[in-house]
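These notes are about the structure you will find just below.
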Amino acid sequence: MNKQFCAYMLSAVLSVGFIACDSNNEPSGPNFDDLVERGWSRFSEKKYGEAIDEFRNARALEQDNAATYTGIGWAQLLQDSLSRANSEFNLGAGKPGVGADLFAGWAFSLNAIKNHFASNQKADSVIVYDVNWSFAYGLPLDINDIYILKAENYFILGDMVNSLTSVQFVNPDFSVDVTTHAGQAALAQEIERLRAAF
């Protein structure tokens with residue numbers, strides 16, 4: 001093999017190597033999971049507007065995933081944009097990847113707009129998805145809060161028996177006669193006490 005041919009081959013190999021290195025080093029930007037994680041990080045820091053931006057950036061990469069609808073819904077709920085939050089949760093419920101976090105946020109937002117029956121339906125969905133649900137993003141919420149929410153909804157709807165049953169999930173020692181005014185008043189006080197405690 002002559003020297004000129006060897007030099008040519010070496011030059012070609014090095015050129016290909018540099019091109020490969022350059023293409024591997026091009027910044028590709030954060031992926032969908034990175035953006036969702038950043039969204040929840042901003043949410044945990046109570047930077048709800050920034051969280052929404054991160055979730056929207058994630059949605060631009062992958063529209064058919066419930067994670068972004070869940071994140072945006074929760075952020076809008078915490079900003080008191082209740083109709084927008086409900087819309088996000090409603091859209092997200094039909095997407096792949098839906099889970100207990102979406103239904104929990106939806107249950108709280110429906111309660112806030114006084115749709116107590118629908119709120120309980122979504123609360124039941126949380127329990128179906130995860131009987132030990134807890135919220136992992138900066139708010140001290142867990143399955144007890146879902147049962148307290150159900151107790152409040154049932155009470156407002158006039159279903160004292162189911163309200164009491166929901167309270168007893170959180171405090172099994174609590175018992176009153178809900179057919180009496182005194183029992184109903186005590187039940188209301190217990191719901192308020194549990195709301196403050198949890």
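The values are calculated or read from the model by the stated rules, or taken from the named source; none is laboratory data. Predicted model only: the values in this text are computed from it and were never measured. With ligands, DNA and RNA removed, areas are computed over all heavy atoms of the protein, side chains included. Shrake-Rupley method; radii C 1.70, N 1.55, O 1.52, S 1.80 Å.
Round to a whole number: what % of the accessible area of the chain belongs to carbon and sulfur, probe 1.4 Å?
53 percent
For the chain, what is the calculated [θ] at 222 nm in deg cm²/dmol (nearest 500), taking -39500 (n - 2.57) for each run of four or more DSSP H residues and dividing by its residue count? Before the final figure, lay out the partial values.
Values: 10 runs with 143 residues, N = 198.
Computed mean residue ellipticity for the chain: -23500 deg cm²/dmol.
Is the shape of the stretch 77-121 best called rounded, prolate or oblate, per the rule: a/c under 1.5 gives rounded, else a/b larger than b/c gives prolate, else oblate, with a ≥ b ≥ c the square roots of the Cα gyration tensor eigenvalues? Can you show the working numbers first?
Details: a/c = 1.97, a/b = 1.35, b/c = 1.46.
Because a/c hits 1.5 or more and a/b fails to exceed b/c, the stretch 77-121 counts as oblate.
For the stretch 57-131, what does the alpha-carbon gyration tensor say about shape, rounded, prolate or oblate, given a ≥ b ≥ c as the root eigenvalues, a/c under 1.5 as rounded, and a/b over b/c as prolate?
Here the stretch 57-131 falls in the oblate category.
Helix 66-78 versus the longest principal axis of the chain: what is the Cα-based angle in degrees, 0 to 90, to the nearest 10?
Around 50 degrees separate the two axes.
For the stretch 151-194, rounded, prolate or oblate, judged on the Cα gyration tensor with a ≥ b ≥ c (square roots of eigenvalues), a/c < 1.5 rounded, else prolate if a/b > b/c?
rounded
Kindly express, to the nearest 10 degrees and within the range 0 to 90, the angle between helix 100-112's C-alpha long axis and the longest C-alpha principal axis of the chain.
So the inclination is approximately 50 degrees.
Bin width 10 Å, origin at 0, all Cα-Cα pairs of the stretch 111-198: what percent of pairs per bin?
Calculated over all Cα pairs of the stretch 111-198, the distribution is 18, 51, 28, 4, 0 percent.
Taking the square root of 5 times each eigenvalue of the Cα gyration tensor, what semi-axes in Å does the equivalent ellipsoid of the chain have, largest first?
Calculated on Cα positions only, the semi-axes equal 54, 15, 13 Å.
Let me check against my output: what whole-number percent is the relative contact order of the stretch 103-175, with C-alpha pairs under 8 Å and at least 6 apart?
In percent, rounded to a whole number, it is 26.
At a Cα cut-off below 29 Å, give the lysines reachable from LYS114, other chains included and same-chain residues fewer than 8 away excluded.
LYS46, LYS47, LYS95, LYS122, LYS150
Quick one: compute the contact order of the chain, relative version, from alpha carbon pairs under 8 angstrom and 6+ residues apart, as a percent.
In percent, rounded to a whole number, it is 12.
What angle, in degrees between 0 and 90 and rounded to the nearest 10, separates the Cα long axis of helix 160-170 from the longest principal axis of the Cα atoms of the chain?
Helix 160-170 sits at roughly 50 degrees to that axis.
Could you check which residue among ASP177, ASP142, ASP101 shows the biggest mean-square fluctuation in a GNM of the chain with a 10 Å Cα cutoff?
For the chain, modelled as a Gaussian network with Cα springs under 10 Å, the answer is ASP177.
Just the number please: accessible area per residue for the stretch 126-198, 1.4 Å probe, all protein chains included, in Å².
On a per-residue basis, the stretch 126-198 sits at 54 Å².
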